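In what follows, a structure is listed as structure tokens, so that the remarks can point back to it.
The values are calculated or read from the model by the stated rules, or taken from the named source; none is laboratory data. Computed from a predicted structure; not experimentally measured. Reconstructed Cβ throughout: ideal geometry from the backbone, glycine too, with neighbour counts over all protein chains shown.
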Amino acid sequence: MNISVFGLGYTGCVSAACLAQLGHQVIGVDISYKKVSLVQSGRSPIVEPELDAMIAAQVQAGRLSATQDTGQAVNESKLVFICVGTPDDGSGAVDYKQVERACSDIGAALRSRQDFVTIVLRSTVLPGIARRKAIAALENSSGKKAGAGFGFVLNPEFLREGSGVYDFFHPAMTVIAAGDACSAATMKELYAPIDNNICFVGLDEASMIKFVNNAFHAVKVSFANEIGRLCKEMHIDTRAVYDMFIRDEKLNISPAYLQPGFAFGGSCLPKDLRTLAAAGKNLKLTLPLLGAALSSNAEHIDYAFNLITSGGKQTIGFLGLSFKSETDDLRESPYVTLVQRLLAEHYRVHVYDNNVQINGLFGVNKEFVEKNLPDLAGIFCTSAAQVIAESDVIVIANNPQKYKNDLTGLAGKKIIDLSFLGNAGFFNAAKEDYEGLCW
Ligand SMILES: NC(=O)c1ccc[n+]([C@@H]2O[C@H](COP(=O)([O-])OP(=O)(O)OC[C@H]3O[C@@H](n4cnc5c(N)ncnc54)[C@H](O)[C@@H]3O)[C@@H](O)[C@H]2O)c1
């Protein structure tokens, strides 16, 4: 394919050279004379393993060139990649001028094109920006509509500096949001030699995944470093702990505990997190991430409380009370916290959980309830059906599968679903009567 790549920085240079290596005819475009001259002379403007040799070979083979002439590059391309910078000012406010300017320049060159050209945005942009800034600038300057006059694709970049060339040919994943079938097919064909398992998603989801990945990577680094500081100060072999930690691919290095849903609770996670944070404090260590997990959890409970009470209804029914599905353990259940708060604010609450034997509570469970929810026996119903009949708002705590068939006769009632699995259709509820933690 004939491809141009706008922006010969860290991502653009790697993409341009690797696309040429795949056999495509590639023109690199940059506003920097220096970067263009370097690529023209077969040298890399950035330090990146393998890149210098690859650029030299591809320029020599006649598959890679560089120019400052936007019009020429777009005229000779079927695919136009945009890899320009999206710097922030240090406060999180991102400057999208490079994207807008590149899109305006490309759009102006598209005016005279009769055939269908696809523009691929690879720069990192917040959800909404591709439409509001990139597509808007392309449409304004080309006088054409995205999807009809030209194709628009968002294809976020996941290359890591230092292993960019390796990552290009061995991607962790390839994400494409394509506004039209022709562009989607072109991208599938382009990536076929390196990834046959492309995620095709919407524009905003494609924008978001890049931030989600980077946020998670940053949290992983900070988590590992807080544990590292703790181990060091406790004179514990950090490497031995790390080796065990990553060896667990069931619960640690896995999708487990990464599913959005309701707050954590129970007899272990909150207690052990508090213990570890306190141990750190005793050692005069500041461990903000471990501490923040508890406040983030409390924030999530507040968020659910607001969802439950925002409709102004006064009678709230809970289906599920134990801290998670398939247990009767009520200790530090976040649903108990919600019920406590609702009762304290004079809501009428009904509860049912088929794992909890209200008259047979004993041991630590009984102690916990007596201390934290002494009114439980009075608000505990005999069935899910009773909770539903007597409540205006039905809170699905725990596993929604369990109560799916009980949810009948819902007219006029609101379902608040604190699980990840449900949706209005799942419960046969009207959309306006359903609110979940997932959009
Ligand atoms: N650096 C990375 O490892 C990495 C990884 C993934 C995603 N990203 C994202 O990719 C984008 C580019 O990042 P980068 O690190 O390569 O940036 P960079 O600053 O290294 O390169 C951007 C290049 O674009 C050029 N440019 C600016 N306006 C232009 C225009 N109108 N026409 C042509 N060229 C223009 C600049 O001169 C510069 O050479 C950013 O959105 C970044 O967040 C970067």
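If you go through the range 188-205 and keep only what is outside any loop (DSSP other than H, G, I, E, B) and either touching a Phe, Trp or Tyr at 6+ places or on another chain (Cβ under 9 Å) or at pLDDT below 95 (or both), you end up with LYS188, LEU203.
Of the helices (runs of 4 or more DSSP H) contained entirely in the range 66-163, those carrying at least 2 residues that are among the charged types (D, E, K, R) fall at 97-110.
Exactly one residue out of ASN423, ASN428, ASN399 is over 22 Å from ARG348 (Cβ atoms) and touching a residue at least 40 places away in the same chain (Cβ under 8 Å): that is ASN399. Residues in the range 356-373 that are touching a residue at least 12 places away in the same chain (Cβ under 8 Å) and not in a loop (DSSP other than H, G, I, E, B) were compared, and the one that is surrounded by the fewest Cβ atoms within 10 Å (Cβ to Cβ) is ASN359.
All conditions in (1) outside any helix (DSSP H, G or I); (2) hydrophobic (A, V, I, L, M, F, W, C); (3) touching a Lys or Arg at 6+ places or on another chain (Cβ under 8 Å) hold for VAL47, with the sole exception of (3). Across the range 256-313, the number of residues qualifying as assigned by TED's automatic domain parsing to the domain that holds ASP392, aliphatic (A, V, I, L, M) and not in a helix (DSSP H, G or I) comes to 0. Can you find a residue that is surrounded by 22 or more Cβ atoms within 10 Å (Cβ to Cβ) and closer than 29 Å to PHE116 by Cα anywhere in the range 40-49? No, that holds for no residue. Here GLY90 clears all of (1) surrounded by 15 or more Cβ atoms within 10 Å (Cβ to Cβ); (2) at pLDDT below 95 except the condition numbered (1).
Selection of the range 303-335 for residues being crowded, with 23+ Cβ neighbours inside 10 Å and free of Cβ contacts under 8 Å to residues at least 60 places away in the same chain yields PHE323, LEU330. Note on the range 18-37: residues that are within 13 Å of the ligand (Cβ to nearest atom) and crowded, with 20+ Cβ neighbours inside 10 Å total 6. Does GLN58 count as touching a residue at least 24 places away in the same chain (Cβ under 8 Å) and more than 14 Å from the ligand (Cβ to nearest atom)? Yes; evaluated as a whole, the condition is true for this residue. If you go through the range 130-159 and pick out every residue that is within 15 Å of the ligand (Cβ to nearest atom), surrounded by 23 or more Cβ atoms within 10 Å (Cβ to Cβ) and under 14 Å from GLU100 (Cβ atoms), you end up with 3. The set of residues in the range 348-386 being modelled with pLDDT under 95, among the β-branched types (Val, Ile, Thr) and within 36 Å of the chain's Cα centre (by Cα) consists of VAL356 alone.
Picking from residues in the range 170-194 that are surrounded by fewer than 18 Cβ atoms within 10 Å (Cβ to Cβ) and not hydrophobic (A, V, I, L, M, F, W, C), the one that is farthest from LYS145 (Cα to Cα) is HIS170. For the condition within 16 Å of the ligand (Cβ to nearest atom) and within 17 Å of the chain's Cα centre (by Cα), SER207 qualifies.
For GLU161, the conditions (1) more than 22 Å from LEU8 (Cα to Cα); (2) among the charged types (D, E, K, R); (3) modelled with pLDDT of 95 or more are fulfilled apart from (1). If you go through the range 224-240, how many residues are assigned to a helix (DSSP H, G or I), within 16 Å of THR275 (Cβ to Cβ) and among the hydrophobic types (A, V, I, L, M, F, W, C)? The number of residues fulfilling the criteria is 3.
Checked against the criterion of being at pLDDT below 95 and among the small types (Gly, Ala, Ser), the range 325-347 has at least one qualifying residue. Assessment of the range 69-86 against the conditions (more than 20 Å from ALA181 (Cα to Cα), at pLDDT 95 or above and away from the ligand (no atom under 16 Å from the Cβ)) yields no matching residue.
Residues that are farther than 15 Å from CYS231 by Cβ and in contact (Cβ under 8 Å) with a residue 24 or more places away in the chain within the range 270-283 comprise PRO270, LYS271, listed in sequence order. A search for C-beta distances below 6 Å between a residue of the range 126-139 that is in contact (Cβ under 8 Å) with a residue 12 or more places away in the chain and any residue that is crowded, with 18+ Cβ neighbours inside 10 Å and of a type in the set (Asp, Glu), counting only pairs 6+ apart in sequence or on different chains, returns LYS133/GLU100; ALA137/GLU100.
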